[in-house]
1. Between VAL73 and ASP152, what is the FRET efficiency for a Förster distance of 30 Å, r being their Cβ-Cβ separation, to the nearest 0.05?
2. Can you figure out the FRET efficiency of ALA81 with GLU162, using R₀ = 25 Å and their beta-carbon distance, to the nearest 0.05?
3. Take every Cα pair under 8 Å in the chain that's 6+ residues apart, average their separations, divide by the length, and report that relative contact order as a whole percent.
4. Rounded to the nearest 20 debye, what is the charge dipole size of segment 36-106 about its Cα centre when +1 sits on each Lys and Arg Cβ and -1 on each Asp and Glu Cβ?
5. Give the distance, in whole Å, between the Cα centre of segment 97-118 and the Cα centre of segment 159-194.
6. PRE reach from THR193 (point 7 Å along Cα→Cβ): which of segment 154-184 fall under 13 Å by backbone N?
7. Tell me the angle of helix 41-52 to the major Cα principal axis of the chain, expressed in degrees between 0 and 90 and rounded to the nearest ten.
8. For Cα extents along the principal axes in Å, which listed value, (i) 68, 45, 30; (ii) 60, 35, 31; (iii) 41, 40, 35, comes from the coordinates shown?
Amino acid sequence: MPNSQQCSTKGLTGKHVVVTAGGNREPIDPIRFIGNRSSGKMGFALADVAQDLGARVTLITTIEPPKPEKYDVVQYTETCAEMREAVLSACKSADVIIMAAAVSDFHVAKPAPQKIKKQGKKIILELIENEDFLLELPDTLVKVGFAAETQDLLENALKKLETKRLHFICANDVTAPDVGFGVNTNRITILHTSGEKEELPLMSKRAVAHEILKRILQVVSHGQ
């Protein structure tokens, strides 16, 4: 079983780590939105552990963390477009980006300027795919992503690992009651570009964060 206490040094001192957390909200009108069930807990745990390891942490989040004063910078965003702008700006000086946020895949083509009133008929929303802004980041960054899936977990995660040009990806099945959105535990499988696959047991999200940061430290120490 992985030892979640092994990340006890200040191995990220002098490094700038950007962490995203929460789920995007894409407006339908000024009141309603398309969103997801992400609680931000995994992202907050990662930001906490990175801070404990001596990193300068920028947290880009859609949800207020329990202790926002802990981090060097907290930036609040709502839509995918806003998160993209914040991430690209923060990563100009970053060494590591951990994309723990559940980034929206779609946005509404034409959000209504006023509240949509019931008119006794169907309303059809046209959705447009959001661009993957991770591909805009330089490969000199250590890039870690998540794949929250409901089916074909490893196949979908492997595809994301390759297309997003990540150093490794953390895959989890969000249909499981003890690892889905909003709970305090997680069970992940880490897929590496080398082809290595690590299946971690059920742990607290903070323990999972230690395991992820331990592997990031290995990448940083080996010069990526």
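Since every read-out is calculated from the coordinates, none of them should be taken as a lab result. Predicted model only: the values in this text are computed from it and were never measured. So basically every Cβ, Gly included, is an ideal-geometry build from the backbone, and we count neighbours across all protein chains shown.
1. Details: r = 36 Å, r/R0 = 1.22.
In this case the efficiency is close to 0.25.
2. On the way: r = 25 Å, r/R0 = 1.00.
It comes out at approximately 0.50.
3. Working: 454 pairs, mean separation 49.3, N = 224.
Once normalised by length, the contact order is 22 percent.
4. Working: 7 positive and 10 negative charges, 20 e Å.
My answer is approximately 100 debye.
5. Result: 23 Å between the Cα centres.
6. Hits in segment 154-184 for THR193 at 13 Å: 161-169.
7. For helix 41-52, the angle is close to 40 degrees.
8. (ii)
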